[in-house]
Amino acid sequence: MSLNKIYVVGMGPGAYEEMTVRAVKTLEECEVIVGYTVYVDLLKEHFPGKEFMTTPMRQEVQRCRMAFEAAATGKKTAMVCSGDAGIYGMAGLMYELGEEFPQVEIEVVPGVTAAIGGSAVLGAAVGHDCALISLSDLLTPWEVIEKRLLAAAESDFVICLYNPSSKKRSDYLKKACMLMLEYKKEDTVCGIVRQIAREGEEIQLLPLNELKDIAVDMFSTVFIGNSQTKIIRGRMVTPRGYQI
């Protein structure tokens with residue numbers, strides 16, 4: 001690993017065992033690990049002796065600059081992200097802010113995003129074309145999210161919803177379901193995975209017309225099937241279309 005280089009590392013959905021070998025090796029070699037407080041706390045027991053730097057939620061820009069400043073001093077530095085470093089992660093922002101630190105090289109280390117981790121827990125929920133949509137309107141206007149939900153539903157994608165609810169957005173999943181019901185059938189197979197790869201992991205399978213009335217939180221990932229999605233052996237499966 002060269003000096004003045006920062007690694008943007010996807011740490012997977014939660015458990016150490018869900019991290020890629022490349023991610024583990026990268027973090028082992030780094031001196032400084034930077035990230036959101038909750039995510040860094042998950043890593044501390046597995047990477048003792050590191051210098052950990054954290055910021056709370058909504059301080060992403062400050063966190064990225066903190067990581068660049070550490071790397072600029074020659075310390076081997078990693079910015080960690082939950083799931084994948086690029087999908088709703090910090091990789092894009094790191095490249096944007098990296099213009100301020102031309103002496104620091106950036107390398108992205110991918111990880112298992114919630115759509116993949118959750119699909120495996122459910123069975124094979126994402127087995128065909130899919131759309132990943134976040135219901136958080138902190139950075140994306142709801143009008144844009146609404147258009148994307150309608151387009152994905154009309155196109156019969158499997159839809160994976162990130163950030164489906166929060167205290168301020170308690171009705172967003174219901175709103176999303178009502179939009180999708182314009183194009184998807186009421187009995188469309190859906191699944192919820194809570195605490196993917198963490199203690200308390202659980203799943204729930206239900207039709208779309210019931211999903212709209214279910215309470216979820218930010219630790220839940222929601223899957224809405226396509227017209228071919230079915231339940232097999234108690235698991236959510238979206239066939240690829242092979243002739244059997």
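The values are calculated or read from the model by the stated rules, or taken from the named source; none is laboratory data. Note that the coordinates shown come from a computational prediction; the quantities given were computed from them, not determined experimentally. Reconstructed Cβ throughout: ideal geometry from the backbone, glycine too, with neighbour counts over all protein chains shown. When the accessible area is computed, the model is the full protein with side chains, heavy atoms only, and any ligands, DNA or RNA have been set aside. Shrake-Rupley method; radii C 1.70, N 1.55, O 1.52, S 1.80 Å.
The listed residues are F68, F52, F47, and the only one of them that is without any contact (Cβ under 8 Å) to a residue 24 or more places away in the chain and in contact with a Leu (Cβ under 7 Å, 6 or more places away or on another chain) turns out to be F47.
Reported count of residues in the range 137-168, each being open to solvent by 20 Å² or more (accessible area, probe 1.4 Å) and at negative phi, is 20.
For the range 35-80, residues that are more than 24 Å from G14 (Cβ to Cβ) and hydroxyl-bearing (S, T, Y) total 1.
Where helices (runs of 4 or more DSSP H) fall entirely within the range 8-78, those with at least 3 residues that are among the β-branched types (V, I, T) are at 21-29, 37-43. Scan the range 157-179 for residues that are closer than 20 Å to L122 by Cα and either among the hydrophobic types (A, V, I, L, M, F, W, C) or in contact with a Pro (Cβ under 9 Å, 6 or more places away or on another chain) (or both) and the total you get is 7.
If T26 passes every condition in (1) within 11 Å of A78 (Cβ to Cβ); (2) open to solvent by less than 90 Å² (accessible area, probe 1.4 Å); (3) more than 21 Å from the chain's Cα centre (by Cα) but one, which one does it miss? If we test T26 against (1) within 11 Å of A78 (Cβ to Cβ); (2) open to solvent by less than 90 Å² (accessible area, probe 1.4 Å); (3) more than 21 Å from the chain's Cα centre (by Cα), just (3) comes out false. Going by what's in this entry, would D171 be described as of a type in the set (D, E, K, R), surrounded by fewer than 16 Cβ atoms within 10 Å (Cβ to Cβ), closer than 30 Å to M11 by Cα and modelled with pLDDT under 95? When the stated conditions are applied, D171 passes them. Of I203, I159, all but one fail to be in contact with a Phe, Trp or Tyr (Cβ under 9 Å, 6 or more places away or on another chain), of a type in the set (A, V, I, L, M, F, W, C) and touching a residue at least 40 places away in the same chain (Cβ under 8 Å); the exception is I159. Within the set V9, V38, the sole residue that is surrounded by fewer than 17 Cβ atoms within 10 Å (Cβ to Cβ), within 18 Å of A114 (Cα to Cα) and not aromatic (F, W, Y) turns out to be V38. Restricting attention to the range 191-230 and to residues that are under 25 Å from M57 (Cα atoms) and among the small types (G, A, S), the residue that is most open to solvent (accessible area, probe 1.4 Å) turns out to be A215.
For (1) of a type in the set (A, V, I, L, M); (2) farther than 21 Å from V237 by Cβ, each residue gets a yes or a no:
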| site | (1), (2) |
| --- | --- |
| Y162 | no, yes |
| A176 | yes, yes |
| L179 | yes, yes |
| L208 | yes, no |
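Residues considered: G89, G98, G111. Of these, the only one that is open to solvent by less than 30 Å² (accessible area, probe 1.4 Å), in contact with a helix residue (DSSP H, G or I) (Cβ under 9 Å, 6 or more places away or on another chain) and under 30 Å from C190 (Cα atoms) is G111.
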